[in-house]
1. Expressed as an acute angle from 0 to 90° and rounded to the nearest 10, what is the orientation of the C-alpha long axis of helix 140-159 relative to the principal long axis of the chain?
2. Using a Gaussian network model of the chain with C-alpha springs under 10 Å, which one of 18, 41, 145 is most mobile by mean-square fluctuation?
3. Say a site is exposed when it is one of the GluC sites (Glu not before Pro), sits in a DSSP loop, and has at most 15 other Cβ atoms within 10 Å; what is then the longest site-free stretch of the chain?
4. Protein chains only, probe 1.4 Å: how do 196, 113 rank by accessible area, largest first?
5. To the nearest 0.05, how large is the calculated FRET efficiency for residue 201 and residue 45 if R₀ is 30 Å and r is the Cβ-Cβ distance?
6. How much length is gained if the chain between residue 123 and residue 84 is pulled fully straight, taking 0.36 nm per residue apart and subtracting their Cα-Cα distance, in nm to one decimal?
7. Hey, got the dipole for the chain? About the Cα centre, +1 on K and R Cβ, -1 on D and E Cβ, debye to the nearest 20?
8. Compute, for residue 131, the solvent-accessible surface of its heavy atoms (probe 1.4 Å) with the complete set of protein chains present, and express it in square angstrom to the nearest 10.
Amino acid sequence: MSLKYFGEWSVDDVEIEDRGLRRYIRLEPKFAPHAAGRQNDKRFEKENVPIIERLMNKLMRSGPGKGKVGGKSIRGSKSCGNKEKAYKIVREALRIINERTDENPIQVLVDAIQNSAPREETTKISYGGITYHEAVDSAPLRRLDIALRNLADGAYSSSFKNKKSIEECLAEELILASRGETKSYGVEQKGGIERIAKGAR
């Protein structure tokens with residue numbers, strides 16, 4: 001008998017269409033989605049962490065750093081370092097997705113990641129005292145990191161000053177992103193990054 005995420009959803013029928021991300025989106029469920037940071041000792045080892053656990057890890061943060069999300073500074077620390085709370089948020093969000101779409105929520109998550117992962121971005125190059133931007137291809141692992149970060153940030157920003165819970169906001173963000181709608185923060189950010197890169201070619 002194969003394992004299922006949260007004892008409910010199988011990954012047997014989940015498809016990853018993006019060939020660049022296929023190697024890095026780990027779908028294999030585990031009894032306990034908690035690697036305890038064992039992947040930190042080896043470079044690029046986080047590619048072996050299941051995608052559900054990586055989403056939980058992105059939810060366990062106090063904010064986007066120095067930047068803002070949707071014009072709001074996120075400085076909430078209620079989920080920072082609390083793996084059990086992140087576990088419950090993701091589990092409930094997947095249940096809401098299943099109820100609203102009648103689809104496998106793992107497939108919805110995978111589609112949302114694929115639609116939120118930028119293929120191109122810019123980097124700064126200094127030459128002769130002059131700094132300019134140049135377009136570069138994004139590495140697959142970085143694409144996945146950016147997509148998960150933006151999906152989590154979008155869910156948190158939409159839950160601020162809102163009667164909806166973080167679980168509902170995360171479910172809505174993933175559903176919108178899986179459909180490629182620009183109302184999704186992740187899809188909107190991807191478009192912005194690729195648009196800037198196109199202008200820097």
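The values are calculated or read from the model by the stated rules, or taken from the named source; none is laboratory data. Please read these numbers as outputs of a predicted model, since none were measured by experiment. Glycine also receives a Cβ, built like all others from the backbone with ideal geometry; neighbour counts cover every protein chain displayed. Remember, those area values only see protein heavy atoms, side chains included, never the ligands or the DNA or RNA. Shrake-Rupley method; radii C 1.70, N 1.55, O 1.52, S 1.80 Å.
1. On a 0 to 90 degree scale, this one is about 70.
2. Evaluated over the chain, the most mobile residue of the options is 41.
3. On the way: sites that count: 8, 15, 17, 103, 181.
By the stated rule (loop sites, at most 15 other Cβ atoms within 10 Å), 18-102.
4. Details: 196 110, 113 0 Å².
Largest accessible area first, the residues go 196, 113.
5. Details: r = 33 Å, r/R0 = 1.11.
The formula returns an efficiency of 0.35 here.
6. Numbers: separation 39, 0.36 × 39 = 14.04 nm, distance 3.68 nm.
The span from residue 123 to residue 84 would gain 10.4 nm if fully extended.
7. Working: 38 positive and 30 negative charges, 210 e Å.
For this selection, approximately 1000 debye.
8. The accessible area comes out at roughly 90 Å².
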